[in-house]
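In what follows, a structure is listed as C-alpha cells, so that the remarks can point back to it.
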Amino acid sequence: MNAAQLEIRTEGGGTILCFTGPLTARAIAPLWSRALATAKAPTPLTLDLAQAEMIDTSGAALLLAIERAHDHTITWHGLTDAQTKLLTQLRAALPQGAPIMPAPATIVRRSLWRTLLIRVGFFGETILATLALPRKLRFLRGAEFFRLADRAGTQAVPLVAMMGFLIGMILAFQSAIPMRQFGAEIYVAALVAISLFRELGPLLAAVILAGRTGSAFAAELGTMRVNEEVDALVTMGVDPETMLVIPRMAAAMLVMPALTLGIDIAGLLGMGFVMMILGFPPDAVIGQVQMATSPHDLLLGLFKSLVFGAAIGLIGCRAGLTAGGGPRAVGEAATSAVVGGIVAIILLDGLFAVIFYRLGL
Amino acid sequence: MSAPAISVEGVGQTFGKRVIFQNVSFDIAVGEIFVVLGGSGCGKSTLLKQMIGLLSPTAGQITVLGHDVARETDAVRRSIGVMFQSGALFGSMTLIDNIMLPLALFTDLPLAARQDIARLKLALVGLADAENLLPSEISGGMAKRAAIARALALDPPLLFLDEPSAGLDPITGAGLDRLILDLRAALDCTFVVITHELQSIFAIADRCVMLDREAQGMIALGVPAELRRSSDNATVQAFFNRQPTVQPRGA
Ligand SMILES: Nc1ncnc2c1ncn2[C@@H]1O[C@H](COP(=O)(O)OP(=O)(O)OP(=O)(O)O)[C@@H](O)[C@H]1O
Ligand SMILES: [Mg+2]
C-alpha cells in the first residue's frame, strides 16, 4: 500500500493541510507528528481531503487529534458524506472530558506480615477442613488421589535414583580426601550413611517434591482459580479445601517416605561405588554402615519426610488457591510454591534438629 | 460481478470419526455483512476458525481476498480482524495495551498516535473510561466489546465476529449493530458475524447461511427475510419464526 502524503501550504494568512493517498493505520505513521505540530499554530486551518483515497478509523483518529490540537475552527474540504458521517459518529463516541478509571493497584505488594497471616490462616483452615473431613468424604475422589500420587511419586523415581546416586558418590569422594590424611577412609561409609538417613535423604526428596509437585499443584489450582473453576465449585456447594487440597496433601505425604527411601538406597550405592574404586570390598563397607547406623536413624528421616511432604503440598495448594487473576498469576503461584516450599523445609529441618537434640534422639 | 471477498467451496470438518459438517459452499461479496446461524455446537466457530486459518478443513478449500487460506495464511492474516467467542483478551495487559499491541506490531506510529487511535476504538465500543483496567477486572459484556475494539485496531477490510452481542443488553447490542453498519458504509468492510439475535440478524445481515448439526451441513443460504418467507425447511422456519413453545406468562 502506498503511503499517505501531506502537503502544508500557507495561503492568505491561513494554513492548508492537504492530504493525498490512503489515511489508514499503516499509511499515516510518517505524517502524524508533522500534522499535529502544524495544527497547534493559531492560524486559521483548512483540511483538504479531496484527494484522500480512503479514511479509516485510524485516519479519522488523526483528523480528530488535529481538531483537538487546533483551538480555532477548522474548515473541512472535500469530505464525502460517508466520511463526514463516520467523523461525526467518532466525535460523538469520544468522551468529552469524562474521567478515566484509574488503573487499580493490581500488583499488590503484600507486606511480609500479611503474607504470614494469610499462610497461617490457610494452614488453620486446612486443619479445620481435615477435622470436618469425615462428613464431607463424598467430595474426595479416589481416582484423583491415585493420579496425583502417581505423578508426584512414581514419575519422580528416575530423577530420585539419579540424584541419590550422584550425591552419594560426591559425598564419599569429597570426604575421602581429608579422611585419607588420617588413614580413616573406611569411616567415609559411616559418615555418608548417617548424613543420608538423617538429613540429606529427606531434604533432597523434599527439594525434588517442591520443584516437581509443589509447583504443579500451584499451577493447576491457580489456573482453576483464574478460569473461575474454583468459584464454580463453591457455588455448586463443593468445598474446595476438601476436594482440591486434601487429596494433594495426602498424595504428597504418601510419596515422600518412598522417595526418601529411594534417595537413601541410591546414595548408599553411589557411596559403595566410590569405596570400591578406592579399594574397599563391599562387605567391609556394609559392615561399617551397619555398625554406624541404627534403624531409628532411618525412621527419623522418614518421619521428617512425612512432615516435609505435608508442608510442600499445603504450600503448593495455598499458592494456587490464592492466585490472582490472569495467566501471570499462575506463574507467580508456581514460583511462590517452590520458594515457600523450600524455605519451609529448611526452617522445619532446623526445628527438627533442635527437637531431636533435646529428646536425645 | 467482482471477485468475492471470501469463497468457501465444498468445505467439511471431521474430528476423528465425528463429522461436524460437510459440503459447505458459499461466496461472500466485498462489503457484505454475512451472518452465520445455527444451533449451539453445529460448527459455526469451527467454520470461522477455518476461514481465518486456525484450522485446516478436512475437505474443500477456502479463499479469502484471493488467497488460499491453507497455503497463504500470512497474507490472509494481514487483512483480517477477529473477535473470538471467548474474547481472548491478553490477561496481563490493560485494555488499551491490548488494542495498541497490533498497532505497535504492524505500524510505525509513535506512541501518542497509538494511544489516540486505541482510545478512539475503545470509545467506539463505549469503553472510553475503562482503558486502564485489566481483562480480569471487567465484565463479560465489556470483554466482548474490548475484543471487538481489538479486532478493529488496524481497520482490517475483513472482520470476523464470533457472537459479538451475546451477553450484551439490547441497547448496547443495538449500538453494536449500528457500529457495524456505519463501518461498512464508511470503509466498505466485509463482515462475517456469528449471532443468534433475530433482531440483529434482520438489522444487519445482507445474507446468511444456516448450519445444522443433524443435517451435518448447511440447510439455508440467502437473504434472511426471504428465508423466513419462503424456506420449506422446518428448522429454518422454526428459527426465524421463533414460536414460543412455552406460553409467555400473563398471555
Ligand atoms: N478441537 C476440537 N476437537 C474436537 N471436537 C471439536 C473441536 N472443536 C470443536 N469441536 C466440536 O465441534 C462442534 C462444533 O463446535 P463449534 O465450537 O464450532 O460450535 P458452535 O456452532 O460455535 O457452537 P456455539 O454456538 O455453542 O458457540 C462441537 O460439537 C465441538 O464439540
Ligand atoms: Mg461458537
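Derivation of every value follows stated rules applied to the coordinates shown; laboratory data play no part. Bear in mind that the values here come from a model prediction, so they are computed numbers and not experimental data. Positions of Cβ are generated from backbone atoms using ideal geometry, with glycine treated the same way; all protein chains shown enter the neighbour counts.
Specify the angular offset, from 0 to 90 degrees and rounded to the nearest 10, of the alpha carbon long axis of helix A:142-152 from the longest principal axis of the alpha carbons in chain A. Value to nearest ten degrees: 80.
Residues B:Asp182, A:Asp71, arranged from fewest to most other Cβ atoms within 10 angstrom of their Cβ, appear as A:Asp71, B:Asp182. Please list, ordered by chain and number, the residues whose modelled amide H lies under 5 Å from the amide H of B:Gly81; skip anything fewer than 5 residues away on the same chain. Long-range HN contacts for B:Gly81: B:Leu158, B:Leu159, B:Phe160.
How large is the dipole of the protein assembly as shown about the Cα centre if only Lys and Arg carry +1 and Asp and Glu carry -1, each at its Cβ, rounded to the nearest 20 debye? Write out the running numbers ahead of the final one.
Details: 47 positive and 49 negative charges, 284 e Å.
Taking the Cα centre of the protein assembly as shown as origin, the dipole is about 1360 debye.
A full extension of the chain between A:Phe182 and A:Glu199 corresponds to an added length of 3.6 nm, given 0.36 nm per residue minus the alpha carbon distance. Spin-label model, B:Ala238/B:Glu72: points 7 Å from Cα along the beta carbon direction are separated by 4.2 nm.
Phi-derived couplings, Karplus 6.51 cos²θ - 1.76 cosθ + 1.60 at θ = phi - 60°, listed residue by residue for the range A:21-34: x, x, 9, 10, 3, 6, 8, 8, 3, x, 10, 4, 5, 5 Hz, with x used for Gly and Pro. Averaged over peptide B:179-192, the number of partner chain Cβ atoms lying within 10 Å of each residue's Cβ comes to 3. Note that the range A:173-185 has calculated 3J(HN,Hα) couplings of 4, 5, 7, 5, 5, x, 4, 4, 4, 9, x, 10, 4 Hz, one per residue in order, obtained from phi through the Karplus relation 6.51 cos²θ - 1.76 cosθ + 1.60 (θ = phi - 60°); glycine and proline are x. The C-alpha atoms of chain A define a longest principal axis, and helix A:295-321 lies at about 10 degrees to it. Spin-label model, A:Ala292/B:Arg228: points 7 Å from Cα along the beta carbon direction are separated by 9.0 nm.
With only Cα atoms counted, the protein assembly as shown has Rg and Dmax values of 33.8, 110 Å.
With a cap of 16 neighbouring Cβ atoms within 10 Å, and only residues DSSP puts in a loop, list the trypsin sites (Lys or Arg not before Pro) found in the range B:42-102. Could you put the intermediate results ahead of the total?
Details: sites: B:Lys44, B:Lys49, B:Arg71, B:Arg77, B:Arg78; in loops: B:Arg71, B:Arg78.
The qualifying sites are B:Arg71, B:Arg78.
Ordered by the count of other Cβ atoms within 10 Å of each Cβ, fewest first, A:Glu241, B:Glu214 give B:Glu214, A:Glu241.
Can you give the FRET efficiency for B:Ser79 and A:Thr10, using 1/(1 + (r/R0)^6), R0 = 60 Å, r = Cβ-Cβ distance, to the nearest 0.05?
On the way: r = 39 Å, r/R0 = 0.65.
Taking R0 as 60 Å, the efficiency between B:Ser79 and A:Thr10 is 0.95.
Between B:Thr172 and A:Glu144, the simple label model (points 7 Å from Cα in the Cβ direction) yields a spacing of 3.4 nm.
Assign one of three labels to chain B, namely rounded, prolate or oblate, based on the Cα gyration tensor with a ≥ b ≥ c the square roots of its eigenvalues; rounded applies when a/c is under 1.5, prolate when it is not and a/b is larger than b/c, and oblate otherwise. It comes out oblate by the Cα gyration axes. Loop-located trypsin sites (Lys or Arg not before Pro) in the range A:7-89 (DSSP state other than H, G, I, E, B) with a sparse environment of at most 13 neighbouring Cβ atoms within 10 Å: A:Lys40. Calculate the tail of P(r) for chain A: the fraction of all Cα-Cα distances greater than 38 Å, expressed in %. Tail of P(r) above 38 Å: 50 percent of Cα pairs. The shape of the range A:275-361 comes out prolate: with a ≥ b ≥ c from the C-alpha gyration tensor, a/c is at least 1.5 and a/b beats b/c. Relative to the longest principal axis of the Cα atoms of chain A, helix A:327-359 runs at roughly 30 degrees. By the beta-carbon count within 10 Å of each Cβ, the least crowded to most crowded order of A:Glu220, A:Glu67, fewest first, is A:Glu67, A:Glu220. Could you tell me the distance between the Cα centroids of the range A:190-233 and the range A:3-42, to the nearest Å? What the calculation gives is 62 Å, centre to centre.
For the range A:110-359, averaging the sequence separation of C-alpha pairs within contact (under 8 Å, six or more residues apart) and dividing by the residue count gives a relative contact order of 32 percent. With helices as the sole contributors, the protein assembly as shown gives -17000 deg cm²/dmol at 222 nm; each DSSP H run of n ≥ 4 counts as -39500 (n - 2.57), and the sum is divided by every residue.
When DSSP beta bridges are restricted to pairs lying wholly in the protein assembly as shown, around 45% turn out antiparallel.
Our coupling estimate for the range B:99-116, obtained by passing each phi through the Karplus curve with A = 6.51, B = -1.76, C = 1.60 and θ = phi - 60°, is 7, 6, 4, x, 5, 5, 6, 10, 9, 9, 4, x, 3, 4, 5, 4, 5, 4 Hz, Gly and Pro reported as x. Between the amide H of B:Ala220 and those of B:Met210, distances stay under 5 Å, these residues lying 5 or more places away or on another chain, with hydrogens modeled in the peptide plane.
Sort the range A:40-79 into rounded, prolate or oblate with this rule: let a ≥ b ≥ c be the square roots of the eigenvalues of the Cα gyration tensor; rounded if a/c is under 1.5, and if a/c is not under 1.5, prolate when a/b is larger than b/c, oblate otherwise. Working shown, then result.
On the way: a/c = 3.03, a/b = 1.46, b/c = 2.08.
Because a/c hits 1.5 or more and a/b fails to exceed b/c, the range A:40-79 counts as oblate.
Enter the mean number of other protein chain beta carbons within 10 Å of the beta carbon of each residue in B:131-137, as an integer.
Details: counts 3, 5, 6, 6, 2, 8, 6.
Across the residues of B:131-137, the mean count of other-chain Cβ atoms within 10 Å is 5.
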